[in-house]
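Enquirer: To start, I am sharing the structure in question, which I have written as structure tokens.
The values are calculated or read from the model by the stated rules, or taken from the named source; none is laboratory data. Quick caveat, the model's predicted, so the values are computed rather than measured. Because the Cβ atoms are built from the backbone with ideal geometry, glycine has one as well, and the counts that use them run over all protein chains shown.
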Amino acid sequence: MAEHRYDPHEIEPRWQSVWASERTWEVSNERGADGRGDGRGGFARGGSQTQSAYVLEMLPYPSGEPHIGHLKTYSVGDAIAHFRRRLGSRVLHPMGYDAFGLPAENHAIRTGVHPRVSTAESIASFQRQFRSWGISIDWSRELATHEPSYYRWTQWIFLELFRAGLAYRKEAAVKWCPKDQTVLANEQVDAEGHCERCGAVVEVRQLEQWFLRITDYAERLLGDLDVIEWPEHVKTMQRNWIGRSEGAEVTFRCEELGVDYPVFTTRPDTLFGATFFVMAPEHPDVMRLSRGTPNEQAVHDYVNHALNETNEERGNAEKPKTGVPLGRTVTNPVNGEQIPMYVADYVLMEYGTGAIMAVPGHDERDYAFARAFQLPIRRVIAPSDSQATPEPEADEDGLPYGGDGVLVNSHPDFDGIGNREALGAIVAWLDREGKGHASVNYRLRDWLVSRQRYWGCPIPILYCERCGMVPVPDEQLPVELPDIDDYTPKGRSPLAAAEEWVNTRCPSCGGSARRETDTMDTFVDSSWYFLRYCDASNERAAWDPAALREWMPVDQYIGGVEHAILHLMYARFFTKALADLGHLDFQEPFQALFTQGMVTKDGSKMSKSKGNVVSPAAIVERVGADTARCYILFVGPPDQDADWSDEGVDGVHRFLSRLWRLAAETAERAGAPVAELAGPAAAEGDDLDLMRKTHWAIDKVSGDLRRFAFNTAIAAVMELLNDCSRLRDSVGVDTLRFALGTAASLLFPFAPHVCSDIYELLTGERVWEQPWPEADEALLEREVYELVCQVNGKVRDRVQASADAVPETLKDLCRAAPNVRAHVDGREIVKEIVVPGKLVNLVVR
RNA sequence: GCACCAGUACCUUAAUCGGUGAAAGGACCGGUCUUAAACACCGGUGAUCCGGGUUCGAGCCCCGGCUGGUGCACCA
């Protein structure tokens with residue numbers, strides 16, 4: 001027999017060139033009339049494809065080379081795409097690049113190489129590697145966000161939002177990264193106040209910037225989380241980020257200045273316990289209120305100090321409370337009390353109205369402040385049951401008390417009423433008196449999208465001396481990004497130096513005008529790319545609505561959990577806004593989401609500084625793409641983190657090697673390939689066992705693929721191969737051919753090259769054109785099985801039982817088993833438990 | 001501090017409705033093949049975090065604890 005050696009470096013390029021030259025994975029937007037769907041697409045002899053599926057992995061940012069995380073994402077996505085194709089769907093599985101962004105620009109500053117050049121190199125390297133991995137991509141729809149043909153439509157969407165009032169300029173206290181020299185969105189600053197990209201501590205600056213009105217969509221972004229199939233922890237993160245709270249807006253009046261100050265509170269039931277009033281240092285009225293009072297200088301100093309604090313210093317709840325009295329009072333609307341006003345940094349300008357009513361008896365923070373400044377602390381809610389647990393820092397009176405109870409020390413109309421009930425009554429009263437109303441508040445803020453950087457999509461707005469702010473007319477789009485010489489950030493956009501580009505004519509009056517020089521946050525580019533794939537080469541519109549009807553929404557989206565808030569929230573917002581503008585007829589872009597875990601090495605995140613980076617290119621070079629892909633899916637559940645191990649890779653490589661070799665030998669033994677893949681009609685003995693194992697594997701892999709349990713699916717094929725090896729000489733060649741062909745068919749979504757090869761060797765056919773195999777129910781059930789005989793829950797014997805035996809028969813079989821009799825003899829059977837197909841348990845005394 | 005998730009062999013994972021003597025791969029050890037080794041094949045060692053409870057029967061359900069991970073955390 002000839003020597004058979006598994007050689008992925010011969011097999012893989014051979015199949016890749018078949019898929020490339022036949023354009024196997026391309027799909028058109030119209031379902032073909034020839035009964036094969038598209039006429040070309042990857043599937044299914046004879047079957048008409050009535051379903052469409054859109055499988056999408058998150059848009060990669062092309063920087064240098066793909067890393068191991070990309071390999072995992074696309075291994076998962078490709079497995080899903082292949083599975084759905086072979087279940088009978090036309091599958092859209094496209095690829096593109098998130099090509100604008102800071103790393104390319106920073107690289108340009110260091111080296112002088114234009115970002116367009118370094119980006120093109122990175123994209124070429126990504127394309128090369130994705131092809132070498134054998135990912136089934138429809139390359140005809142490839143896009144990159146930095147190409148004018150793409151960002152022309154990013155600009156169009158921006159203008160649509162602008163015309164609808166959803167894009168606007170305002171001056172606000174914004175986050176500024178001193179290292180990257182640009183403003184950032186709230187979402188791009190972590191909990192400790194660091195820049196998400198470079199890690200520098202961000203500052204707060206008062207600047208005029210472009211915002212998108214995502215807050216208008218807070219309620220819908222929250223509510224529609226209930227209708228999408230996303231991992232619960234991602235939904236929880238979005239819910240937390242949106243941060244909805246119900247309560248009331250209550251107006252406190254400063255009589256001395258005749259100004260009303262509304263505050264937001266979730267606890268209007270504690271209004272009678274408000275003993276002071278606090279404003280954020282950034283509140284615009286703080287200086288005005290203190291002017292002319294003895295505290296003016298102290299307030300001034302305090303505010304200056306507070307504004308210079310970092311988020312990290314200021315956000316620390318453990319820190320002692322600080323503040324300064326403003327020297328004014330406001331009136332508590334429910335009881336007319338004059339209560340003192342303070343400025344304190346524990347109140348945030350960004351949330352609510354930037355001012356709060358302080359109820360030290362029932363709020364820990366207000367309590368801490370009141371103790372520090374010797375302010376009155378009043379109990380207005382008494383626990384209704386005596387076992388109520390006091391707060392950790394509670395004093396001898398049990399204050400602050402955050403639980404429920406009945407109102408006390410409030411008002412004769414409310415005292416004695418349960419606080420939840422009183423809450424509604426007090427809000428109703430405020431409403432009647434015109435002093436407040438029920439209100440809902442969100443933590444979510446509007447999305448700051450302008451950036452003072454070069455390598456991004458220009459904002460298509462002009463500033464005309466006569467007409468003011470003017471959108472660039474659609475027919476003049478795209479506003480192309482000009483070439484410049486100096487990318488160095490100087491606190492304003494590098495584009496401002498491109499005088500020829502900046503100075504232009506106003507489209508409405510013809511007078512001189514200047515272009516907006518800020519560029520867009522790159523998250524804008526990636527908030528709509530999934531729409532463009534549906535109609536990627538359309539030059540007249542961003543998309544044809546018919547194309548979206550065919551594919552959107554994305555059936556299965558795949559990516560890292562690090563985008564749980566940023567990208568996934570922005571894309572949902574764009575979808576809803578574009579739907580409101582009549583451009584889409586669906587509300588959610590990603591019907592189902594799968595978030596894959598990180599790949600670590602030696603237990604920690606791969607990074608250049610740690611020197612523990614595993615390069616996908618090196619792995620593919622060593623063992624081939626099929627092994628790399630199978631290993632990364634086999635190493636553990638794909639939604640969990642997985643630690644890379646070179647020994648584990650070798651194990652998987654041996655598995656593929658054994659599979660291919662045994663298949664090649666079997667093909668040789670079987671003679672010419674036979675298209676029909678079926679085992680013997682009436683098998684018995686070892687043949688029957690292997691037939692059973694094969695159908696068990698079909699059932700197991702199909703179920704596992706449906707629930708993304710790729711690791712166990714691969715393990716099931718390993719088990720099947722083990723049985724094939726064990727029984728190779730004792731079963732007929734047909735049986736072996738069927739088992740191995742089926743193994744290749746089942747493993748194809750994970751290891752497409754070697755499985756295509758094996759399937760062709762055995763059948764002469766193309767595995768991707770075959771429908772997914774179906775398990776024969778009759779072979780999943782056994783007509784005879786081993787019945788476990790227990791006495792008092794302990795296994796004492798086993799006997800052969802027939803599958804259709806009734807419980808009475810099973811009991812008799814068990815009682816008759818020799819070793820059972822030894823344990824039962826002379827004792828009384830008090831209970832008999834029968835689990836048909838499994839066991840009988842005799843309980844004796 | 002709060003919430004969620006997880007703890008199974010030396011490692012990474014499996015065990016579908018609570019049902020056999022807990023499965024796969026790697027690692028390790030031995031055997032066959034080989035001049036020898038690698039590969040391959042055959043065989044082997046070895047585990048349910050701790051303490052209670054429910055049950056005829058618990059890795060799985062309940063209570064408490066321990067350890068690790070993730071998210072949130074001065075948001076009124």
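Enquirer: State whether one or more residues within segment A:630-644 are surrounded by 21 or more Cβ atoms within 10 Å (Cβ to Cβ) and charged (D, E, K, R).
Expert: No, there is no match, as no residue in segment A:630-644 is surrounded by 21 or more Cβ atoms within 10 Å (Cβ to Cβ) and charged (D, E, K, R).
Enquirer: Failed condition for A:Glu208, given (1) of a type in the set (Asp, Glu); (2) in contact (Cβ under 8 Å) with a residue 40 or more places away in the chain; (3) assigned by TED's automatic domain parsing to the domain that holds A:Phe158; (4) in contact with a Lys or Arg (Cβ under 8 Å, 6 or more places away or on another chain), with all others met?
Expert: Of the numbered conditions (1) of a type in the set (Asp, Glu); (2) in contact (Cβ under 8 Å) with a residue 40 or more places away in the chain; (3) assigned by TED's automatic domain parsing to the domain that holds A:Phe158; (4) in contact with a Lys or Arg (Cβ under 8 Å, 6 or more places away or on another chain), the odd one out for A:Glu208 is (2).
Enquirer: Separate question: Among the numbered criteria (1) among the charged types (D, E, K, R); (2) touching a residue at least 60 places away in the same chain (Cβ under 8 Å); (3) within 28 Å of A:Arg85 (Cα to Cα), which one does A:Arg128 miss?
Expert: (2)
Enquirer: Anything in segment A:770-823 that is under 30 Å from A:Val701 (Cα atoms), in contact (Cβ under 8 Å) with a residue 24 or more places away in the chain and of a type in the set (Val, Ile, Thr)? List them, or say none.
Expert: A:Val788 - this is the single residue of segment A:770-823 that is under 30 Å from A:Val701 (Cα atoms), in contact (Cβ under 8 Å) with a residue 24 or more places away in the chain and of a type in the set (Val, Ile, Thr).
Enquirer: When A:Ile135 is evaluated against the numbered criteria (1) aliphatic (A, V, I, L, M); (2) in contact with a Pro (Cβ under 7 Å, 6 or more places away or on another chain); (3) closer than 18 Å to A:Trp19 by Cα, which criterion, by number, is the only one it fails?
Expert: Failing condition for A:Ile135: (2).
To keep it simple, each residue is scored yes or no on (1) crowded, with 20+ Cβ neighbours inside 10 Å; (2) modelled with pLDDT under 95.
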site	(1), (2)
A:Arg23	no, no
A:Arg31	no, yes
A:Phe43	yes, yes
A:Leu56	yes, no
A:Gly112	no, yes
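Enquirer: Just to be sure I understand the filter: pairs with C-beta atoms under 8 Å, separated by 6 or more residues or on different chains, first member in segment A:426-442 and free of Cβ contacts under 8 Å to residues at least 12 places away in the same chain and surrounded by fewer than 15 Cβ atoms within 10 Å (Cβ to Cβ), second member assigned to a strand (DSSP E or B) and not β-branched (Val, Ile, Thr). Which pairs pass?
Expert: Every condition considered, the pairs that remain are A:Asp431/A:His437; A:Asp431/A:Ala438.
Enquirer: Answer with yes or no whether A:Ala422 is over 38 Å from the mean Cα position of the chain (by Cα) and surrounded by fewer than 16 Cβ atoms within 10 Å (Cβ to Cβ).
Expert: No.
Enquirer: Are there any pairs, at least 6 apart or on different chains, whose C-beta atoms fall under 6 Å, with the first in segment A:549-565 and at negative phi and the second within 16 Å of RNA strand B (Cβ to nearest atom) and part of a helix (DSSP H, G or I), and if so, which?
Expert: Close Cβ pairs (under 6 Å, with a partner that is within 16 Å of RNA strand B (Cβ to nearest atom) and part of a helix (DSSP H, G or I)) amount to A:Ile558/A:Val76; A:Ala564/A:Val234; A:Ala564/A:Met237; A:Ile565/A:Glu187; A:Ile565/A:Met237; A:Ile565/A:Trp241.
Enquirer: Hey, any hits in segment A:648-670 for a residue that's aliphatic (A, V, I, L, M), touching a Ser or Thr at 6+ places or on another chain (Cβ under 7 Å) and more than 10 Å from RNA strand B (Cβ to nearest atom)?
Expert: no
Enquirer: Being among the acidic types (Asp, Glu) and more than 13 Å from RNA strand B (Cβ to nearest atom) is the filter here, so list the residues in segment A:689-715 that pass it.
Expert: A:Asp689
Enquirer: With respect to A:Thr666, is the statement that it is among the polar types (S, T, N, Q) and without any contact (Cβ under 8 Å) to a residue 24 or more places away in the chain true?
Expert: Numbers: among the polar types (S, T, N, Q): yes; without any contact (Cβ under 8 Å) to a residue 24 or more places away in the chain: no.
No.
Enquirer: Shifting gears a bit: Do we have any residue at all in segment A:280-287 that's more than 16 Å from RNA strand B (Cβ to nearest atom), part of a helix (DSSP H, G or I) and in contact (Cβ under 8 Å) with a residue 12 or more places away in the chain? Reasoning before the result, please.
Expert: Within segment A:280-287, the subset more than 16 Å from RNA strand B (Cβ to nearest atom) is A:287.
So of that shortlist, the ones also part of a helix (DSSP H, G or I) come out as A:287.
Then drop every residue that is not in contact (Cβ under 8 Å) with a residue 12 or more places away in the chain, which leaves A:287.
Yes - at least one qualifying residue is present in segment A:280-287.
Enquirer: Still on this structure, I have one more. Given the options A:Val795, A:Val806, A:Val754, name the one that is within 16 Å of RNA strand B (Cβ to nearest atom) and either surrounded by fewer than 15 Cβ atoms within 10 Å (Cβ to Cβ) or small (Gly, Ala, Ser) (or both).
Expert: Working: A:Val806 fails: within 16 Å of RNA strand B (Cβ to nearest atom); A:Val754 fails: either surrounded by fewer than 15 Cβ atoms within 10 Å (Cβ to Cβ) or small (Gly, Ala, Ser) (or both).
Criteria check complete, one pass: A:Val795.
Enquirer: Being in contact with an Asp or Glu (Cβ under 7 Å, 6 or more places away or on another chain), assigned to a loop (DSSP other than H, G, I, E, B) and surrounded by fewer than 21 Cβ atoms within 10 Å (Cβ to Cβ), is that true of even one residue in segment A:61-81?
Expert: Yes - at least one qualifying residue is present in segment A:61-81.
Enquirer: Being buried (at least 22 other Cβ atoms within 10 Å of the Cβ) and among the small types (Gly, Ala, Ser) is the filter here; which residues of segment A:443-473 pass it?
Expert: Listed by number, the residues that qualify are A:Ser450, A:Gly456.
Enquirer: Does segment A:692-734 hold any residues that are under 26 Å from the mean Cα position of the chain (by Cα) and aromatic (Phe, Trp, Tyr), and which are they?
Expert: Correct list: A:Phe708, A:Phe710.
Enquirer: A:Ala185 fails exactly one of the following numbered conditions: (1) crowded, with 20+ Cβ neighbours inside 10 Å; (2) more than 16 Å from RNA strand B (Cβ to nearest atom). What is the number of that condition?
Expert: For A:Ala185, the exception is condition (2).
Enquirer: In the list A:Trp210, A:Trp230, which residue meets the criterion of being buried (at least 18 other Cβ atoms within 10 Å of the Cβ) and closer than 30 Å to A:Ala104 by Cβ?
Expert: Values: A:Trp230 fails: closer than 30 Å to A:Ala104 by Cβ.
A:Trp210 is the lone residue from the list that is buried (at least 18 other Cβ atoms within 10 Å of the Cβ) and closer than 30 Å to A:Ala104 by Cβ.
Enquirer: Mind checking which residues of segment A:716-740 are within 11 Å of RNA strand B (Cβ to nearest atom) and in contact (Cβ under 8 Å) with a residue 12 or more places away in the chain?
Expert: Correct list: A:Ala716, A:Val717, A:Met718, A:Glu719, A:Leu720, A:Leu721, A:Asp723, A:Cys724, A:Ser725, A:Leu727, A:Arg728.
Enquirer: Give A:Thr575, A:Thr519 a once-over and let me know the one that is surrounded by 19 or more Cβ atoms within 10 Å (Cβ to Cβ) and touching a Lys or Arg at 6+ places or on another chain (Cβ under 6 Å).
Expert: A:Thr519
Enquirer: Another one. With segment A:409-480 as the region, which strands (runs of 3 or more DSSP E) entirely inside it contain at least 2 residues that are of a type in the set (Gly, Ala, Ser)?
Expert: A:436-441
Enquirer: Run A:Ala164 past the list (1) farther than 30 Å from A:Trp551 by Cα; (2) more than 27 Å from the chain's Cα centre (by Cα) and report the number of the one that doesn't hold.
Expert: All conditions pass for A:Ala164, except number (1).
Enquirer: Scanning for something within 13 Å of RNA strand B (Cβ to nearest atom) and more than 50 Å from the chain's Cα centre (by Cα), does segment A:833-840 turn up at least one residue?
Expert: no
Enquirer: For segment A:618-643, name all the residues that are farther than 25 Å from A:Ile758 by Cβ and within 10 Å of RNA strand B (Cβ to nearest atom). Spell out how you get there, then give the answer.
Expert: So the first thing to find is which residues in segment A:618-643 are farther than 25 Å from A:Ile758 by Cβ, and the list is A:618, A:636-637, A:639-643.
Passing the criteria: A:Gly636, A:Pro637, A:Asp639, A:Gln640, A:Asp641, A:Ala642, A:Asp643.
Enquirer: From A:Gly361, A:Gly327, A:Gly336, grab the single residue that is in a loop (DSSP other than H, G, I, E, B), of a type in the set (Gly, Ala, Ser) and away from RNA strand B (no atom under 16 Å from the Cβ).
Expert: Values: A:Gly361 fails: away from RNA strand B (no atom under 16 Å from the Cβ); A:Gly327 fails: in a loop (DSSP other than H, G, I, E, B).
That would be A:Gly336, the only listed residue that is in a loop (DSSP other than H, G, I, E, B), of a type in the set (Gly, Ala, Ser) and away from RNA strand B (no atom under 16 Å from the Cβ).
Enquirer: Go through segment A:190-278 and tell me which strands (runs of 3 or more DSSP E), entirely inside it, have 1 or more residues that are over 30 Å from A:Ser290 (Cβ atoms), at pLDDT 95 or above and more than 10 Å from RNA strand B (Cβ to nearest atom).
Expert: Counting at least 1 such residues, we get A:203-212.
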